[in-house]
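For reference, the structure is listed below as structure tokens.
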Amino acid sequence: MVPKTLPDQDPAWSRRRWLRSAASLGVTAGVGGAVAAWPAGPARAASPSGSAAGSTAPLPLFDAHLHYSHDAWEVVPPKQAAQILRAAGLKGALVSSSDDEGTQKLLAEAPDIVVPELRPYRTRGDLSTWVRDDGIVTYLEGRLAKFRYVGIGEFHLYGADAELPVPRRMVQLARERGLLLHAHSDADAVERLFAQWPQARVLWAHSGFEPPARVREVLRRHRQLWCDLAFRSDHGASGKVEAGWREAFEEFPERFMPGTDTFTPERWHYVVPHARWTREWLADLPAPLAERIAWRNGQDMLAAVRGAPGYQGHQTQAGVQGNQGNQGSQAAKAPQGCDGGAPGALMARGSGEAAGLSVRFAPRDGRLAVGRHFELAGTVCGAARLLRVDADMPAHRHGMNYRPTFSTADAGAFEARGLMLHMPGIWRFRFELEREGGRRVWVSAETDVR
């Protein structure tokens, strides 16, 4: 029998320790038997549809943590790997490899899904030595000159090692190109990365293998930090969201995303079961939150990285439009840009530090009403990106009882969901924007809702 404690069920387990233990018991994980060798919690669907919202189509997913290294593409050829991604219902997937050749092979096979990252590893052996290997800098510089990536990572970096010359040069290379940093790190190293580059956008692999309370502490300090949930199942054991993780998801609905972590070839045969299990625990959350974690956060993270000043990375729309339909097309329907718009559209205008910025917006169904959920479609007008959508009642000094979520598309278009005004009166719609250079400002508009 395989070890009772599986790595996805106990983050304290090291992957190498589990592999050694399994090998000692005669577990083999070839192409045909990999799923049985790598269970990670229930694989049954959340519902007959496999959708948290109960629709007929499975809930799309953005997988924020996949590898396709040299030993993987020797066992699972690129066409087969692409078929696995599609069978899992992935809208997008962050892929990195040791070496980078695997990423390029899979990108060529599935450009509509694969979002390439550059891992600072030429072979698996670099994982534990790269921080002191000057050859890694040469490797990174050569690949960055030849190919385009959305980020650098996933890399393993802990504590004070982040101050060594090789990791510091890696951060500098990412900064020069405006790339994401995908860090398999402890909280100390995350803090050091932001100290080196305060405007960095960082994806924290495995949520640092930290408990949810600790993850929330770090997220509160860094607004441009996201977390993947790869290679852990404590957040959704038995298909139910654990209470501490539920609090984390509710406090930071825009920051989490699923991941599989195909760190060995056999894990590729676990991508589809893992997607089913992910939909199962997501079904235990409110539908808007489940959808946001499932794929919208991945989409918005990519939009934030690609929309940052000086970005020189991968530009295709994999992970934004994906293979489950183009959500951006709806967000752009109304209002129509900044010079016109749908009937009933409102304009939130900025002043002071927000001068020259505005947001044109309107309810999706054309009307605002009390006591029901609704959606907004809008457009940010001016050189800024949307950070937050909110509404409050200045006269009563309180806001909504729900935290809305939003997704963005091209040309400043956005779509906000999960809004509800619980009482009649004057409501102020507020939009937090980030100007070029990183300054955060608010624009707002008031309207009487009856």
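The values are calculated or read from the model by the stated rules, or taken from the named source; none is laboratory data. This is a predicted model, so every value here is computed, not measured. Positions of Cβ are backbone-derived with ideal geometry, glycine not excepted, and every protein chain shown enters the neighbour counts.
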Does the range 208-228 contain at least one residue that is aliphatic (A, V, I, L, M) and within 20 Å of residue 262 (Cβ to Cβ)?
-> no
Which residues, taken from the range 191-220, are in contact with a Gly (Cβ under 7 Å, 6 or more places away or on another chain) and assigned to a helix (DSSP H, G or I)?
-> 212, 213, 215
Assuming residue 117 fulfils every condition listed in (1) closer than 18 Å to residue 271 by Cα; (2) outside any loop (DSSP other than H, G, I, E, B); (3) touching a Ser or Thr at 6+ places or on another chain (Cβ under 7 Å) apart from one, which condition is it?
-> (1)
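Taking the conditions exactly as written (farther than 21 Å from residue 231 by Cα, under 26 Å from the mean Cα position of the chain (by Cα) and modelled with pLDDT under 95), does residue 162 satisfy them or not? Full working, then the answer.
On the way: farther than 21 Å from residue 231 by Cα: yes; under 26 Å from the mean Cα position of the chain (by Cα): yes; modelled with pLDDT under 95: no.
Considered against the rule, which asks whether it is farther than 21 Å from residue 231 by Cα, under 26 Å from the mean Cα position of the chain (by Cα) and modelled with pLDDT under 95, residue 162 comes out as no.
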Pick from the range 351-381, criterion surrounded by fewer than 21 Cβ atoms within 10 Å (Cβ to Cβ) and charged (D, E, K, R), ranking: modelled with the highest pLDDT = 375
Within the range 391-404, identify whether any single residue is in contact (Cβ under 8 Å) with a residue 40 or more places away in the chain and buried (at least 22 other Cβ atoms within 10 Å of the Cβ), and answer yes or no.
-> no
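State whether one or more residues within the range 172-186 are loosely packed, with under 15 Cβ neighbours inside 10 Å, over 22 Å from residue 217 (Cβ atoms) and not charged (D, E, K, R).
Residues of the range 172-186 loosely packed, with under 15 Cβ neighbours inside 10 Å: 172, 176.
The next check asks that each one be over 22 Å from residue 217 (Cβ atoms); those that pass are 172, 176.
Filter once more, keeping what is not charged (D, E, K, R): 172.
Looking for residues that are loosely packed, with under 15 Cβ neighbours inside 10 Å, over 22 Å from residue 217 (Cβ atoms) and not charged (D, E, K, R), one finds at least one in the range 172-186, hence yes.
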Quick one: would you say residue 436 is among the acidic types (Asp, Glu) and within 17 Å of residue 376 (Cα to Cα)?
-> no
Output the residue which, of all residues in the range 389-405 that are of a type in the set (A, V, I, L, M) and not in a strand (DSSP E or B), is nearest to residue 361 (Cα to Cα).
-> 400
Please identify the pairs in which a residue from the range 240-261 that is outside the structural domain of residue 67 (by TED's automatic domain parsing) has its Cβ atom under 8 Å from the Cβ atom of a residue that is crowded, with 22+ Cβ neighbours inside 10 Å and of a type in the set (Asp, Glu), counting only partners at least 6 apart or on another chain.
-> none
Given the conditions (1) among the aromatic types (Phe, Trp, Tyr); (2) assigned to a strand (DSSP E or B); (3) in contact with a Gly (Cβ under 6 Å, 6 or more places away or on another chain); (4) over 22 Å from residue 178 (Cβ atoms), and given that residue 414 satisfies all but one, which numbered condition is not satisfied?
-> (4)
When you look at residue 223, is it of a type in the set (Lys, Arg) and surrounded by 20 or more Cβ atoms within 10 Å (Cβ to Cβ), yes or no?
-> no
Name the single residue, out of those in the range 406-450 being in contact with a Phe, Trp or Tyr (Cβ under 8 Å, 6 or more places away or on another chain) and aliphatic (A, V, I, L, M), that is nearest to residue 367 (Cα to Cα).
-> 449
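Name the residue that is surrounded by the fewest Cβ atoms within 10 Å (Cβ to Cβ), counting only residues in the range 226-249 that are assigned to a helix (DSSP H, G or I) and at pLDDT below 95.
238
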Conditions (1) outside any helix (DSSP H, G or I); (2) under 18 Å from residue 290 (Cβ atoms); (3) modelled with pLDDT under 95; number of the one not met by residue 223 | (2)
